[in-house]
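The values are calculated or read from the model by the stated rules, or taken from the named source; none is laboratory data. Not measured: the values here are computed from a predicted model. Positions of Cβ are generated from backbone atoms using ideal geometry, with glycine treated the same way; all protein chains shown enter the neighbour counts.
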Amino acid sequence: MTALVTTRNTPQPDDAYDLLLSAHEGLSKEESDALNARLILTLINHIGDLDVLREALEVAKG
């Protein structure tokens, strides 16, 4: 089992944030929501560890 990384793990966080914002440019609310859903499902597949996913969901829920 891999533990969820909750400390900054992106060497260029501003660039990562800009990528996310750029992906949403020009999209309607519905298109943006669909993009977010596809991104989440893609990242869930990449993580592949249900324990890590559970931990991430708890962190995200606050």
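Could you please find all residues in region 22-32 being part of a helix (DSSP H, G or I) and either in contact with a helix residue (DSSP H, G or I) (Cβ under 7 Å, 6 or more places away or on another chain) or surrounded by 12 or more Cβ atoms within 10 Å (Cβ to Cβ) (or both)?
So the first thing to find is which residues in region 22-32 are part of a helix (DSSP H, G or I), and the list is 22-24, 29-32.
A23, H24, S32, listed by residue number.
Conditions: (1) small (G, A, S); (2) in a helix (DSSP H, G or I); (3) without any contact (Cβ under 8 Å) to a residue 24 or more places away in the chain. A56 meets all but one. Number of the miss?
A56 satisfies every listed condition except (3).
Is region 42-55 home to any residue that is touching a Ser or Thr at 6+ places or on another chain (Cβ under 9 Å) and of a type in the set (V, I, T)?
Narrowing region 42-55 to residues touching a Ser or Thr at 6+ places or on another chain (Cβ under 9 Å): 47, 49, 51-52, 55.
Checking which are of a type in the set (V, I, T) leaves us with 47, 52.
Yes.
Residues checked against (1) surrounded by 10 or more Cβ atoms within 10 Å (Cβ to Cβ); (2) modelled with pLDDT of 95 or more; (3) in a helix (DSSP H, G or I):
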position: M1; (1), (2), (3): no, no, no
position: Y17; (1), (2), (3): yes, yes, yes
position: L20; (1), (2), (3): yes, yes, yes
position: A34; (1), (2), (3): yes, yes, yes
position: L39; (1), (2), (3): yes, yes, yes
position: N45; (1), (2), (3): no, yes, yes
position: V52; (1), (2), (3): yes, yes, yes
